[in-house]
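As structure tokens, the structure follows; a few thoughts come after it.
The values are calculated or read from the model by the stated rules, or taken from the named source; none is laboratory data. What you see is a predicted model, and the numbers here were worked out from it, not measured in a lab. When we count neighbours, we look across all protein chains shown, and the Cβ atoms used for this are built from the backbone with ideal geometry, even at glycine. Ligands, DNA and RNA are stripped out before the accessible areas are found, and what is left, the full protein with its side chains, is counted by its heavy atoms. Shrake-Rupley method; radii C 1.70, N 1.55, O 1.52, S 1.80 Å.
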Amino acid sequence: MTSQDIRSTEEIDLILGQVPDLPTSNLVKDLASGEYKNVLTSPQAQALFGTPETIAEEDQISDPKDLPKYIETRVQNYLTQNDTGKFDILIIGIACLQSFVQTNWTGPVLDFEPAFMLPHKIWHTRPSPTSQTTQYSSGTSSNTTKATTPSTVKSLDPESLKLHKLLLTKLSIDGEEVYRLTPRLLYLYLARKLLVDLNSFIVEIISKDEDEKSEKPIPFNQSDSALWWAIRCIRIQQEIQENPTSTALDQIMRLFGYLEKIDFNNCLSTQNADSSDTKYLKKVRQLMARFYLEKGMIYHTYGMNRDGHDLFKKAQEISGLKWRLTGAKGRRTRFQTFDITQLVLVAENEDDQDDEDKTNSKANNNDMEVDNSENPNNDSAAGSPSTENGPGASSDGPKTERIKIKGRPDTLLLNDDTLLENIKFTDPTNASEVDPTKQKSLNVFDQSLLLAFCLHVKNENPLHGLTSEEMMPYVTRVLANPNNWMVHTMALLLRSRLESNKSRTVERSTLQMQTLVDQAMQSQKDDANIVERMAFFYGLRIPSLWEMERELAERFMGLGILRSALDIYERLEMWDETVTCYQLLEQRDVAKQLVEKQLEIDGNDGLGAPKLWSLLGDITGNPDLWQKAWDVSGGRYSRAMRSLGSYQFKHQEYAKAVESLQKALTLNTLFDNAWYMLGCAAMQIEDWETATSAFQRTVQLDYENGEAWNNMASIYMRMENKKNEAWYALREALKSKPDDWRIWSNYLINSMALGKFSTAIYAMTRIIELRADKDGAKCVDVEVLRIIVNAIIRGQVDSLVEPSRMQTQDDKAAFKRKKEKLVEALEVLLTQTIGERITAAPEIWRLTADYWFWKGDFRKCLECYNKSYRYISAMPQVAYEPKVFEDAVNAVLELVDMYENLGPKSQSPENGDGEPELVCKGWERQAKMALRGLIGKTKASFEGTADHKRLQTALDQLSSN
């Protein structure tokens, strides 16, 4: 095996979070072992960044704004002076990224400040690294280590604060604000420079691809590793932005485009052709599965849930995981006396655990020490874990019992007097039934994959009442086997979210969230090491530490503990949420004063000023303040224009709203609501091109936005030669809004314009089903129904078929079958959909009569004319309203005419048995009764009028026959 082969294998191990099996350099060994400080203080890092001893004082960084140029120069120099320069820079960049993640996501505490890597003239005036760390929580013990937190940023010296503000600007994407108290931003900035902006591997890939335009798969190599870490770096940069950004998404998708050309199946076989060790094949499979999982998680981050789910399925196929949701008999409460079916997830891997997972599990099991203290809840967990008081509990307050396992986050017990800790399943009575309590432990990757599928359930059904019930089995299956710190943390976090809306579990939900926050920021001597925490981090959706605290505060708000929530928000300087809290406390003036005070601190044109001015606009509703926020940001703070555009739209200033929203969306295009509002505003000023483009972007971001599809169709219907596009847009709208009768009405009109009678009939059916109970006959568009009936009974459907499509007997047979189905659909519409719901509609009865006449069923035809007349003659107005009387005269004369023409005809009985019979026996008598009844009812008001004489003339003619 060549040194190049070894290096590629090392990089695969680094991606998978494994320690390389083969001999390797100290730099790679330290990185794989989580010793990031050793990497960043290594001779290679010192040669890259420089030291006060090697850099002349005049060349050192004299001002933070010199940092970008300095880093670029140092990288170029290092590449020209070292044969392994590209690889060394890659490893150092990865260490910077992992250090940032360790500081802000995973823990444990990293006792090294990134600024000390760089030579700086005034670094000696800074406090020591240990003085810049603060205690994160009050509930600490003697075994905890202090951590760098958002509060640390507040205590920075002026020079470091100046650098911090510069980095906030440099790391911002598309005008979105970076969380202002993010600790150690320099780590991420250096990672971004080394892994993305100045990455020589990526530059070579792009230039080579543009030259060759090759679609041929390539084996895995260092360049692919660089791409992978660049994607991870951009993802982490996105995580600290206030909102998702289109630029980051474009960059990630472009890098994925290059990375997807890897021929995974040959990535190791070409390098290790002489080796038959199956370990390499397993690493290939792990690499493939990890690729699809991480890409799927990024898709979910940007709301592309369907694409993400498809990638999760690919990862599942590669990993060998088999799972299904099923039912099993069990009980949820202590006092339940009968078993009911419970939703449970059954999962297993058809293959043995991969080496990676065996190694992790083995290491964890060796470190696991279970305290066998008395546990009153024996039904709560496997084994005999210890129980201790919850965080911050005192002898005077409530106590929360918990499961403590060495090297794992604490799992709080429910301790409810009614609900069991876990569902108590009944032992299966036969071999075909599932026993949820006897499932094998899953490997860590499969657990990560189950959590990914769990998140997909939430993203696809965010408002569905059964969503939490469907998600819980995924979480329960993962929590059953605590194999990895971060995966177990993610499962506990998901359980906490699912339990937050239930009265019996909300307390455990809140305390569990508090425990997760505390443990992430406190380094206990028995906690999991950084290697385990990092191994599967990029395959999870773990929130940052400040986001977890934000979530904890939201939990407090849900419980009505607004003061505790407010304390968290103010400490973390989350001003949006702080303002919301004060508004809920009905202290709007206090919220305004708080923002104004912060503006004084930051300066009216300071780094955080755009957001504060925008917040002040939200509080006061003054549009000038949003404009001020936009001006202060130099036209880069898109939120200000979104807020201003929304205000202008609500106040019907549509032209101004279009202008404001376009400015905002030029910066960041990932706001579907803003695109939708832009489209609606453009429609109001009849800017059809802008409106169409806006709605197209809306459905690209949210494919299930039925209103956007409907509005797009409305625009297409106004244009020439766009009827087909309108029809397809309406069809998509109905997929997400199947109960919106307005969209069905547009679909009906458009289908008629295109001669699509079958879809028109279905559209009318849905409209009637949705509106008949409330609106009665008004829900039927009689003119459209008349067109459909006439088109069928008069052969107009035949004329819509092009002669070129009716050349063969098969074509004619197919058209005949299609027409028969159309006739059948019309009959169901008239007799069932309408006939069973609507009776007060004489025009519809006459159209139904026309249909039965065409079908040759004269009895039903005559019956429909009778119903039409009876409805009109039963109206009280017929005796005194001339118009109603005229309608009744026309209806009865039409009925008499049908009696004369159809009554004497012979027709087979309806059941088809027996000899033909008269359509209407005694039709003369019935016709005379109808005439005499109307004459008598209207004689007092209309005797002597022309219409009344018509009735008498018709009666005389019948009597004389």
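The figures follow:
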{"quantity": "Per-peptide average of other Cβ atoms within 10 Å, ordering 435-444, 729-738, 872-881 highest first", "calculated": "729-738, 435-444, 872-881"}
{"quantity": "Separation between Cα centres of the range 911-952 and the range 534-584, rounded to whole Å", "calculated": "79"}
{"quantity": "Unsatisfied cross-links (Cα-Cα over 30 Å) in the set Lys722/Lys774; Lys86/Lys261; Lys819/Lys928", "calculated": "Lys722/Lys774; Lys819/Lys928"}
{"quantity": "Heavy atoms of Arg697: accessible area, 1.4 Å probe, square angstrom to 10", "calculated": "70"}
{"quantity": "Spin-label zone in the range 810-838 - amide nitrogen under 20 Å from a point set 7 Å from the Cα of Val782 along the C-beta vector", "calculated": "827, 829-838"}
{"quantity": "In nm, spacing of pseudo-spin labels at Gln957 and Lys812 (7 Å Cα→C-beta vector)", "calculated": "4.3"}
{"quantity": "Rounded FRET efficiency, nearest 0.05, which uses the C-beta distance separating Asn724 from Thr169 and R0 of 60 Å", "calculated": "0.80"}
{"quantity": "Highest average packing first - 703-711, 564-572, 808-816, Cβ atoms within 10 Å", "calculated": "703-711, 564-572, 808-816"}
{"quantity": "Theoretical FRET efficiency, 1/(1+(r/R0)^6), r = Cβ-Cβ of Asn82 and Asp157, R0 41 Å, to 0.05", "calculated": "0.75"}
{"quantity": "Gain on full stretching of the segment that runs from Ser693 to Ser503 - 0.36 nm per residue minus C-alpha separation", "calculated": "63.8 nm"}
{"quantity": "Separation of the Glu900 and Lys592 label points, Cα + 7 Å toward Cβ, nm", "calculated": "8.3"}
{"quantity": "Mean Cβ count within 10 Å, highest first, over the residues of peptides 80-87, 157-164", "calculated": "157-164, 80-87"}
{"quantity": "Nitroxide proxy distance, nm - points 7 Å out along Cα→Cβ at Val823 and Thr839", "calculated": "3.0"}
{"quantity": "Estimated translational D of the range 706-770 in µm²/s (Stokes, Kirkwood radius over Cα pairs; 25 °C; 0.890 mPa s)", "calculated": "219"}
{"quantity": "Distance violations [Cα-Cα > 28 Å] among Lys314/Lys424; Lys165/Lys295; Lys855/Lys949; Lys37/Lys279; Lys818/Lys855; Lys756/Lys905", "calculated": "Lys314/Lys424; Lys165/Lys295; Lys855/Lys949; Lys37/Lys279; Lys756/Lys905"}
{"quantity": "Karplus-derived HN-Hα couplings along the range 767-775 (A = 6.51, B = -1.76, C = 1.60, θ = phi - 60°), whole Hz, x at Gly and Pro", "calculated": "4, 5, 4, 7, 10, 4, 4, 9, 9"}
{"quantity": "Nearest-0.05 FRET efficiency for Lys855 and Thr278, computed from C-beta distance (R0 56 Å)", "calculated": "0.15"}
{"quantity": "Centre separation in Å (Cα based) which lies between the range 691-757 and the range 68-119", "calculated": "52"}
{"quantity": "Net length gained if the chain between Asp605 and Lys939 were fully extended (0.36 nm per residue, minus Cα distance)", "calculated": "111.5 nm"}
{"quantity": "Listed residue pairs exceeding 32 Å between alpha carbons, taken from Lys458/Lys656; Lys322/Lys458; Lys193/Lys283", "calculated": "Lys458/Lys656"}
{"quantity": "P(r), alpha carbons of the range 636-678 - 10 Å bins starting at zero, rounded %", "calculated": "37, 57, 6"}
{"quantity": "For Gln907, residues with placed amide H under 5 Å, excluding near neighbours", "calculated": "Glu917, Leu918, Val919"}
